[in-house]
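The values are calculated or read from the model by the stated rules, or taken from the named source; none is laboratory data. This structure is a prediction, so every number in the text was calculated from the model and none was measured. Cβ: placed from backbone, ideal geometry, glycine included. Neighbour counts: every protein chain shown.
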């Protein structure tokens, strides 16, 4: 069976999970422990970043390389169009989604963590002592913004990310207004990448992710609850209903938040 080394809340891991489900491939999730688990993954695969797919004795790192590998090795239900123009459009949109939806979505998500104390403490491991949770929750959001400036996650970076995401979501909503998929009449890698990478903007409802019920359907204020972007999220959720299977717990111990209040 295929094995996916992952973080449950990694957008790029979700992109691969969606591709695997779309192709109808069975796989086992292996939750990587941040830090020590990534060192072990580096020793096995040559990469410390998730996702990494293991197929027999072969390890494939990077979500895009995994997508290409799966389409070569398991060609049923292809995700790369044969038509040259459609294929080119698909590859361009997939790369754009990685660099725009993926990176900006992560920045906006971290901004929501910084500004919402309840959200911040809810994503801590459930075994975290209450005293530590209280200390983390008590840290002023402004202080976290200052800390984040040094690594590209300060307040200005978050604002710029949200501004860019608004344009992205508007564009996607317009494209999908009169067509079923982003390119052509069947799903491609572009659709699966955009949909999977959008989970941190608004989590899908349903049992697709190993997250608490309170988190499902919630998202980043100003993005997830913007009626102008409803066409995109309606399309995304329908794609999930059509092709994403229910989630099963990762094989290793994982920690998920127990409460959430983003909006």
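In the stretch 92-109, which residues are out of contact with any helix residue (DSSP H, G or I) (no Cβ under 8 Å at 6 or more places or on another chain) and within 19 Å of residue 51 (Cβ to Cβ)? Let's see the steps before the verdict.
Keep residues of the stretch 92-109 that are out of contact with any helix residue (DSSP H, G or I) (no Cβ under 8 Å at 6 or more places or on another chain), which gives 92, 96, 99, 109.
Within the stretch 92-109, 99, 109 qualify.
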Report yes if some residue within the stretch 92-105 is free of Cβ contacts under 8 Å to residues at least 12 places away in the same chain, surrounded by fewer than 21 Cβ atoms within 10 Å (Cβ to Cβ) and more than 20 Å from the chain's Cα centre (by Cα); otherwise report no. no
Reported set for the stretch 4-13 where residues are under 12 Å from residue 66 (Cα atoms) and in a helix (DSSP H, G or I) is 12, 13
Just checking, how many residues over the stretch 15-56 are exposed (fewer than 15 other Cβ atoms within 10 Å of the Cβ), in a loop (DSSP other than H, G, I, E, B) and modelled with pLDDT under 95? 3
